[in-house]
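Encoded as C-alpha cells, here's the structure I'll be asking about.
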Amino acid sequence: MIQKLKQNQFLFSELVKRDFTKKYKRTILGMAWSILAPLMNLLIMWLVFNKLFGNNVDHYVIYLFAGQLVFSYFTDATNLGMSSLVGNSGIFTKINIPKYLFLFSQNVSSLINFGLTLLIFFTFVALDGIPFTWKFLLLVYPVGCLIVFNIGVGLVLSALYVFFRDMQYLWGILTQLIMWLSAIFYTIDNYGQTAQYLFLLNPIYLYSRYFRKIVIESTIPTPQFHLLAAAYALIAFGIGALMYKKYNHEFLYYV
Amino acid sequence: MKTMIRAEHVSIGYKIGDFKDIGLKEWTMRHLKRNYHVESFMAVNDVSFELKEGDMLGIIGANGAGKSTLLKAVIGVMEPREGHIERNGNVSALLELASGFDGDLTVKENAYLRGAMLGYTKEFMDATYGDIIAFAELEDFQDRPFKQLSTGMQSRLAFSIASLVQPEILILDEVLSVGDGAFQEKSAAKMRQIISGGAATVLVSHSLEQIRELCSKVLWLDRGRQIAFGSDVQGICDLYADFLEGKLRTEDVPAAYQRLLAERSEMLHGLTEQPQDESEGRLRTAVCAWDEQHGGSQRARIGSVAILDQRGRACDYLQTDAAYTIEISYALSAKLTEPYCGIAVFRDDGVHCYGTNTAIDHVAWEPGERGTVRFQMERCPLQQGRYVLDVAISEADGRDCDYFRSALEFEVVNPRNTVGLVAFSHKWVFG
C-alpha cells in the first residue's frame with residue numbers, strides 16, 4: 001500500500017513537472033502571462049463597471065477582485081482539466097495507471113496560478129487600506145472547498161469530454177452563464193430576499209461571497225453557510241469519483 | 001516454478017459504433033432519429049493460457065485476431081468481461097513505441113516520466129537512468145526535446161526503458177524490430193537475458209522466425225478464438241505458416257491441430273485411429289484439459305518425471321552409452337481398464353526418436369492408487385543433441401488419462417566422435 005502510494009507519488013510529481021513545463025514552455029514570461037491575464041480582465045471590468053456600481057459598493061476593487069479570483073481559478077482549472085483524459089489517451093490506453101492522476105496534476109498548475117493571484121489580491125487588500133485580521137486565516141476553508149469543488153467538476157467534465165466532443169463549446173457557454181450569475185461585478189442587494197437565496201445555489205457565488213465577507217465586511221459566515229460550501233465541494237467530487245469508477249474501463253472505447 | 005500470468009477462460013468485450021468522436025448534439029439527434037448503433041462484440045473469446053518464470057509466449061494471428069486486446073487485458077488497461085487474469089509481478093509494457101512520450105519534453109524528462117508510469121521509484125530511476133541512456137546510445141541527446149529524435153532513436157529509448165527496469169513481466173507488441181541491425185541484435189540479447197532472469201515475456205509479432213527463435217510457448221488467435229496454445233512452438237508455427245499460405249482454412253485448423261497432437265500421441269501408443277471431434281470446444285477440453293502440458297480424461301495424473309543416473313541422482317545432461325532410469329510418479333482418481341504407461345522421445349527439431357509403452361512391450365501393469373513407474377535402460381543410444389520427453393498414462397482403446405507433453409527437456413552429450421541420430425551397440429569383426 002505504502003509502496004503503491006510512493007510509486008504514484010513519483011508518477012504524480014513527474015506529471016506535474018510535465019504539465020508545468022508544457023504550459024509555460026520554460027519561459028518566465030509564460031508564467032507571468034497567466035497571472036497577467038486575470039489582472040487585465042480585472043482592469044477592464046473596473047474601467048467598465050466602476051462608474052456603474054463603484055459608488056454603491058465599499059472597496060469596489062477588492063469586491064471585484066474577490067469575484068474574479070474565484071471565478072478565474074474555477075474556469076482555469078475546469079477548462080484545463082476537461083482535456084486531461086482525452087489529452088492523455090495515448091498513455092492510459094497503453095499503460096495501466098490511475099486515470100485521475102492526469103486531472104490532479106493539471107489542477108496543480110491551476111492551483112499555483114491561483115496562489116500567485118491570491119498574493120496579488122492580498123497586496124491589493126493592503127494597498128486599499130483594509131487591515132489584516134486573524135479572520136483572514138479562515139480563508140483556508142473556502143480555498144479548500146474550492147480546490148475540492150474544482151477537482152470534482154474537472155473529473156465530471158473530463159469524463160464527459162471523452163464521450164461528447166462538443167463539451168468544450170457547451171462548457172464555454174455554461175461558464176459564460178455562470179459568470180453572469182456569479183455577481184462578480186455587481187451586488188445583489190437590490191434583489192428580493194428569495195432571489196438573494198437563489199444566488200446561494202451558485203457555488204462560485206458562494207465561495208466569492210465567503211471571501212468578501214471576511215475581507216471586506218470582516219464577518220464570519222454562519223455555520224449553515226460553511227456546511228453549504230462543503231456540501232457543494234463534496235457533491236461535485238462524489239459525482240466525479242463515481243463517474244471515474246464506473247467508466248474506468250469504458251473510456252478506452254471512446255478515444 | 002512460479003506462475004507469472006494465468007489467464008482463465010478470458011473473454012474481452014469491445015464496442016464499436018456511432019459513439020466515437022460525436023458531440024452531445026449529435027448523440028441526442030441520433031437517439032431521437034433512432035439512428036444510434038453500438039455494437040458490442042467479443043474481441044477475445046474464451047482464451048486460456050499460463051506463463052511461468054522464464055517463459056516467453058508468442059502470440060500469433062492475423063490482424064483483428066484480438067492480440068492487442070488480449071495484451072491490454074494482461075496489462076490491466078482492459079477488464080475481461082468473463083474469466084480472469086492473474087498477474088504475479090510488476091508489468092513493463094511496450095504497446096506502441098512512442099505512445100506516452102511527450103515531444104516537448106527532453107529525453108531525460110521523458111525517461112523519468114516513462115519510468116514513473118511503469119511504476120518505479122525516483123531512487124530506482126536515478127540509479128538506472130545512466131544505463132538506459134547508454135543502452136539506447138543517446139548520451140549526446142539527453143537534453144534535446146524528444147520530438148527532435150529520429151523514429152529509430154525514439155524506439156531505442158522506449159525499448160531501453162522497458163527492458164532495463166528489470167521487469168518481472170514484459171509485454172512487447174511488435175517492437176523487437178526496432179533500430180538498425182546492431183541494435184536489433186543487442187535487444188534480442190537483452191531479451192534473452194531478461195528471460196533467463198526469470199521474467200515472463202509476452203511477444204506479439206508478425207515475424208514467425210522471431211517467434212520460432214525466441215518463444216517457448218505460442219498462442220494462436222483467430223478472430224478472438226483460441227486456435228492453439230502450447231509449448232510445441234515449431235509444430236504450431238508450421239500449422240500457422242500453412243494457414244498463411246492458404247493451404248489451410250481457418251475452419252480446418254482445429255482439426256489439423258488435433259491431428260498434430262494426435263500424431264504425437266499416436267507415436268506414443270501405436271494407435272492409428274484417434275476419435276475426431278468436429279467441435280473446437282471439444283478440442284480444447286480434450287487436449288488442453290487442465291493446462292497446456294497435460295491433456296486427457298484426468299482419470300490419472302502424472303506427478304513428477306525425472307531421469308536418474310546410476311547413482312540415483314536426477315540429471316538433465318545424459319551421456320551416450322551410459323545407463324539411466326526414467327522415473328514417473330502418478331496418482332489415479334479412478335480404476336483404469338487395461339491401463340498402460342508410455343514414453344516418447346523427440347529431438348528438439350521434432351524428430352521422433354523413440355516411443356514405446358507397456359502394452360506394446362506386453363508388460364502387465366496393475367497400477368495402485370499412487371505409485372511410480374521406472375523405465376530402465378541399460379545404455380542411452382541417443383547421440384549429441386537436445387531432446388524432449390513425453391510421458392503418458394492411457395487406458396483401453398487409447399484413451400489418454402494424462403498425456404504429459406514436454407515432461408522433461410534434456411541434453412545428451414557424446415564423449416566419442418560418432419555421428420548420426422542413434423548410437424548402435426556394435427562391435428567390429430574382421431575375417
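The values are calculated or read from the model by the stated rules, or taken from the named source; none is laboratory data. This one's a predicted model, so the numbers in the text were calculated from it and none came from an experiment. For neighbour counting, all protein chains shown are included, and Cβ atoms are generated from backbone atoms with ideal geometry for every residue, glycine included. To get the accessible areas, we keep the full protein, side chains included, count just its heavy atoms, and leave off ligands, DNA and RNA. Shrake-Rupley method; radii C 1.70, N 1.55, O 1.52, S 1.80 Å.
Tally the residues that are open to solvent by less than 70 Å² (accessible area, probe 1.4 Å) and over 26 Å from the mean Cα position of the chain (by Cα), restricting the search to the stretch B:36-50.
Selection size over the stretch B:36-50: 3.
Would it be correct to say that A:Ser110 is within 14 Å of another protein chain (Cβ to nearest Cβ), open to solvent by less than 10 Å² (accessible area, probe 1.4 Å), farther than 17 Å from A:Val255 by Cβ and out of contact with any strand residue (DSSP E or B) (no Cβ under 8 Å at 6 or more places or on another chain)?
Criteria not met by A:Ser110.
Here is a yes/no grid of residues against (1) open to solvent by 40 Å² or more (accessible area, probe 1.4 Å); (2) within 30 Å of the chain's Cα centre (by Cα); (3) assigned by TED's automatic domain parsing to the domain that holds B:Lys190:
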residue: B:Asn110; (1), (2), (3): no, no, yes
residue: B:Tyr120; (1), (2), (3): no, yes, yes
residue: B:Met125; (1), (2), (3): no, no, yes
residue: B:Ile132; (1), (2), (3): no, yes, yes
residue: B:Glu137; (1), (2), (3): yes, no, yes
residue: B:Gln142; (1), (2), (3): yes, no, yes
residue: B:Pro145; (1), (2), (3): no, no, yes
residue: B:Ser150; (1), (2), (3): yes, no, yes
residue: B:Gln154; (1), (2), (3): no, yes, yes
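Does the stretch A:39-49 contain at least one residue that is part of a helix (DSSP H, G or I), within 14 Å of chain B (Cβ to nearest Cβ) and not charged (D, E, K, R)?
Among the residues of the stretch A:39-49, not one is part of a helix (DSSP H, G or I), within 14 Å of chain B (Cβ to nearest Cβ) and not charged (D, E, K, R), which makes the answer no.
Next question. Mind listing just one residue for me: the one in the stretch A:80-94 that is more than 13 Å from chain B (Cβ to nearest Cβ) and either among the polar types (S, T, N, Q) or part of a loop (DSSP other than H, G, I, E, B) (or both) and, of those, least open to solvent (accessible area, probe 1.4 Å)?
Only one residue fits best here, namely A:Ser84.
Considering only strands (runs of 3 or more DSSP E) fully contained in the stretch B:283-396, which possess at least 1 residues that are polar (S, T, N, Q) and open to solvent by less than 20 Å² (accessible area, probe 1.4 Å)?
Here the list reads B:352-357, B:385-395.
Next question. Take the residues in the stretch A:229-254 that are open to solvent by 60 Å² or more (accessible area, probe 1.4 Å) and free of Cβ contacts under 8 Å to residues at least 40 places away in the same chain; name whichever of them is farthest from the other protein chains (Cβ to nearest Cβ).
Among residues in the stretch A:229-254 that are open to solvent by 60 Å² or more (accessible area, probe 1.4 Å) and free of Cβ contacts under 8 Å to residues at least 40 places away in the same chain, the one farthest from the other protein chains (Cβ to nearest Cβ) is A:Leu242.
Among the candidates A:Ile35, A:Ile28, A:Ile44, single out the residue that is touching a residue at least 60 places away in the same chain (Cβ under 8 Å), of a type outside the set (Asp, Glu) and on the phi < 0 side of the Ramachandran plot.
A:Ile35
Something else about it: Hey, A:Tyr232 hits all of (1) part of a helix (DSSP H, G or I); (2) under 20 Å from A:Trp46 (Cα atoms) but one; which does it fall short on?
Answer for A:Tyr232: the failing condition is (2).
Look at A:Phe136 and say whether it is under 23 Å from A:Leu227 (Cβ atoms), open to solvent by 10 Å² or more (accessible area, probe 1.4 Å) and more than 14 Å from chain B (Cβ to nearest Cβ).
Details: under 23 Å from A:Leu227 (Cβ atoms): yes; open to solvent by 10 Å² or more (accessible area, probe 1.4 Å): yes; more than 14 Å from chain B (Cβ to nearest Cβ): yes.
When the stated conditions are applied, A:Phe136 passes them.
Taking the stretch B:1-35, which residues are open to solvent by 70 Å² or more (accessible area, probe 1.4 Å), facing another protein chain (nearest Cβ under 9 Å) and among the charged types (D, E, K, R)?
B:Lys20, B:Asp21, B:Lys25, B:Glu26
On the given criteria, is A:Ile184 modelled with pLDDT under 95, buried (at least 23 other Cβ atoms within 10 Å of the Cβ), at negative phi and not in a helix (DSSP H, G or I)?
yes
Here's a check for you: in the stretch B:86-105, which residue that is open to solvent by less than 40 Å² (accessible area, probe 1.4 Å) and more than 9 Å from chain A (Cβ to nearest Cβ) is modelled with the lowest pLDDT?
This residue is B:Leu97.
Now, a different point. Which residues, taken from the stretch B:319-336, are polar (S, T, N, Q) and within 15 Å of B:Gly296 (Cα to Cα)?
If the condition is that a residue be polar (S, T, N, Q) and within 15 Å of B:Gly296 (Cα to Cα), then B:Ser333 is the only one that fits.
Each row is one residue, and each column tells you yes or no for (1) within 19 Å of B:Gly235 (Cα to Cα); (2) at pLDDT below 90.
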| position | (1), (2) |
| --- | --- |
| B:Gly342 | no, no |
| B:Asp348 | yes, yes |
| B:Val351 | yes, yes |
| B:Thr358 | no, no |
| B:Phe375 | no, no |
| B:Arg399 | no, yes |
| B:Leu408 | yes, yes |
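Continuing with the same structure: Going by the structure shown, is A:Thr175 open to solvent by less than 30 Å² (accessible area, probe 1.4 Å) and in a helix (DSSP H, G or I)?
Yes, satisfied.
Now for a different question. Return a yes/no flag: does the stretch A:198-210 have any residue that is open to solvent by 30 Å² or more (accessible area, probe 1.4 Å), over 19 Å from the mean Cα position of the chain (by Cα) and among the charged types (D, E, K, R).
No.
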